[in-house]
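The values are calculated or read from the model by the stated rules, or taken from the named source; none is laboratory data. Just so you know, these numbers come straight off a predicted model, no measurement behind them. Every residue, glycine as well, gets a Cβ built from its backbone with ideal geometry; the counts of neighbours run over all protein chains shown. These accessible areas exclude ligands, DNA and RNA; they are computed on the full protein's heavy atoms, side chains included. Shrake-Rupley method; radii C 1.70, N 1.55, O 1.52, S 1.80 Å.
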Amino acid sequence: MLDPKLMDEPARLAALNRYEVLDTPRESSFDRITDLVRSILGVPISAVSLVDTDRQWFKSLAGLDESETARDIAFCDHTIRQRAPMVITDAKEDARFRDNPLVTGDPNIRSYAGIPLQTPDGYNIGSLCAIDTVPREFDPAQIAILKNLAALVVEQLELRRIAERDHLTGALSRRAFLTEMNRAIALFERHERPASLLLFDIDHFKHINDTYGHPAGDQVIRGIARLCAGLQRPSDSLGRLGGEEFGILLPETAEDDAARAAQRFCDAIAAAEMPGTPPLRATVSFGVAELRGDWPTGESWLAVADMALYEAKRSGRNRVAVARHGASQAT
């Protein structure tokens, strides 16, 4: 009987997208696994391959300098259609692959062993594979090792997903928010797509904690995060960057529209009554920075927005300041 989860492509893609891992930078936790595969199995190439709608994308690829291939030529696309490991001892003798451009040309794949990366809810989102350029057998002990390492890949994906959310607010963690910023930078560099960053923190937050206690401070943080999450667009990203500091990433948004959005957030927070005993009010100060070509990393973009935020606080708080080519202008 066919496994229904192997046939449900929309649900499989949804399971993959929940990890929010596609097109993220390389991470040592995954690179160490592919390095182990190469070392233990004695193969020149190993990959953590994730199968997207029409491509396979490599979270880690040891032995080749590629980021993705078309899905219709991917060995791993066959691997995710089954529960058992897929082992090919000689691709030139296999009718499915002998005419594959990855076999007839670079990287000249001849043998392959792939283990499906199965999520806890049972969907195969990709594979951990070992690849050689000569025909070879993979013995049961090697397959067992590959299975254990594939389980470790899924564990790392699960840990990565947990670490991406702030436990108090549900907003993105600083690391996850910087990843989203770096994606926006990549889109800007490749396609000149605009994006803006709103950076804000809670005014006089120490006074709130000192006067009403840290539980009340947590209520204010949680309430402001919930309010912002309700006001933002589906494409926007909210992150808690530390303490009482937050960021909102606005894709496809230029400076003027970003400043207006920041003012809406600022006004809504000032007008809101935060839940708790007693109910509290708070204000925030905003720094706004549209992405420019001379800010090549998320951290440098944050630094520019932080200067604008400082200007907003210096000018009286509960207001918005916009970074303008090295200067900030408060409104």
Check: Among R260, R233, R193, which is closer than 19 Å to R317 by Cα, out of contact with any Lys or Arg (no Cβ under 9 Å at 6 or more places or on another chain), open to solvent by 70 Å² or more (accessible area, probe 1.4 Å) and of a type in the set (K, R)?
Finding: R260
Margin query: Quick check on this structure: which one of T79, T24, T34 is over 26 Å from D132 (Cα atoms), touching a strand residue (DSSP E or B) at 6+ places or on another chain (Cβ under 9 Å) and β-branched (V, I, T)?
Written below: T24
Next item on the list: Quick one: which residue in D65, D31 is assigned to a loop (DSSP other than H, G, I, E, B), out of contact with any Asp or Glu (no Cβ under 6 Å at 6 or more places or on another chain) and not basic (K, R)?
Entry: D65
Notebook entry, point to check: Mind checking which residues of the stretch 277-305 are open to solvent by 70 Å² or more (accessible area, probe 1.4 Å) and farther than 24 Å from Q219 by Cβ?
Noted result: D294, P296, E299
Check: With respect to the numbered conditions (1) under 23 Å from R175 (Cβ atoms); (2) free of Cβ contacts under 8 Å to residues at least 24 places away in the same chain; (3) of a type in the set (A, V, I, L, M, F, W, C), which one is the sole condition not fulfilled by F97?
Finding: (1)
Item checked: Flag if E155 is open to solvent by 70 Å² or more (accessible area, probe 1.4 Å) and of a type outside the set (S, T, N, Q) -> yes
Note to self: Exactly one condition in (1) buried (at least 20 other Cβ atoms within 10 Å of the Cβ); (2) touching a strand residue (DSSP E or B) at 6+ places or on another chain (Cβ under 7 Å); (3) in a helix (DSSP H, G or I) is false for T179; which is it?
What the structure shows: (2)
Notebook entry, point to check: Checking Y212 against (1) in contact with a Ser or Thr (Cβ under 9 Å, 6 or more places away or on another chain); (2) under 17 Å from P275 (Cα atoms); (3) open to solvent by 50 Å² or more (accessible area, probe 1.4 Å), which test does it fail?
Noted result: (1)
Next item on the list: State all residues of the stretch 182-200 that are in a helix (DSSP H, G or I) and either among the small types (G, A, S) or closer than 26 Å to A225 by Cβ (or both); if no residue qualifies, say none.
Entry: N182, R183, A184, I185, A186, L187
